[in-house]
Each structure stands twice: as C-alpha cells, then as structure tokens.
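Enquirer: First, the structure itself, so that you have it in front of you.
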Amino acid sequence: MSKVTSKYQVSIPKALAAKIGIRVGDELEWEEAAGTLRARATTVLKAGFPVAERLRLFDAATARQAERERVRRLPPGKSRGWTREDLYRR
C-alpha cells in the first residue's frame, strides 16, 4: 500500500514496478476510471529504438562530432601562442 504525500506524490512498490516494467524516468499517464485512478506507462520502449532510428541517430551524432573537430582545428601556420611542453614546465 502506498501513501499520498503532501505534494500528491505516490510511490510505486518496487516489485510491482519491476513486474510491469516501469523504470526510473518513465512517464505515467493518469486517468480517472469509474471513481478510481488508473496509471499507464507512456514511455515503455522495451525493445529499444528500431535499427533504422538508431542508425539515423548515430549518423547525426557522427556528423556533429566531425563538425566539432573541424571547428577546433587551427588553420595551417597559425599558432595558439603556447606549446604542449609549456604546459608541463614547472
């Protein structure tokens, strides 16, 4: 049995959450049904993203990383004003 807090928060028993597949960060949708409350997990993606979506996300992340690396590079002949060895001299 759970108790409603002063902020209207409710804890889900761990065994029940595990049985249903509710994890930390999942969202619940609440609805009234014949004078009772019903909660339904709305973010249940047990199998993960489809392969095509994972590949799309991977390609987007790879493109972002390539852009970051391109921006970081100094043009040929340009200096930062310090060398790696300067950092380690004491």
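Enquirer: So, of the residues in segment 18-75 that are aliphatic (A, V, I, L, M), over 30 Å from residue 8 (Cβ atoms) and part of a loop (DSSP other than H, G, I, E, B), which turns out to be nearest to the chain's Cα centre (by Cα)?
Expert: Of segment 18-75, the ones aliphatic (A, V, I, L, M) are 18, 20, 22, 24, 28, 33-34, 37, 39, 41, 44-45, 47, 51-52, 55, 57, 60-61, 63, 66, 71, 74.
With the extra rule that they be over 30 Å from residue 8 (Cβ atoms), the set shrinks to 47, 51-52, 55, 57, 60-61, 63, 66, 71, 74.
From what is left, the residues that are part of a loop (DSSP other than H, G, I, E, B) are 47, 74.
Details: 47: 16, 74: 33 Å.
Top of the filtered list is 47.
Enquirer: Any residue at all in segment 52-64 that's of a type in the set (Ser, Thr, Tyr), in contact with an Asp or Glu (Cβ under 6 Å, 6 or more places away or on another chain) and without any contact (Cβ under 8 Å) to a residue 60 or more places away in the chain?
Expert: Initial filter on segment 52-64 (of a type in the set (Ser, Thr, Tyr)): 62.
Add one more test, that the residue is in contact with an Asp or Glu (Cβ under 6 Å, 6 or more places away or on another chain), and what stays is none.
No, because not a single residue in segment 52-64 is of a type in the set (Ser, Thr, Tyr), in contact with an Asp or Glu (Cβ under 6 Å, 6 or more places away or on another chain) and without any contact (Cβ under 8 Å) to a residue 60 or more places away in the chain.
Enquirer: Next question, about the same structure. Identify, please: which residue in segment 4-17 is surrounded by 12 or more Cβ atoms within 10 Å (Cβ to Cβ) and among the β-branched types (Val, Ile, Thr) and is, among those, farthest from the chain's Cα centre (by Cα)? Reasoning before the result, please.
Expert: Going residue by residue through segment 4-17, those that are surrounded by 12 or more Cβ atoms within 10 Å (Cβ to Cβ) are 10, 12, 17.
Subsequent filtering for residues that are among the β-branched types (Val, Ile, Thr) retains 10, 12.
On the way: 10: 23, 12: 22 Å.
Here the answer is 10.
Rule-based calculations on the coordinates, nothing more; no lab input. These numbers come from a predicted model, not from an experiment. A quick note on method: Cβ atoms are made from the backbone with ideal geometry, for glycine too, and the neighbour counts reach across all protein chains shown.
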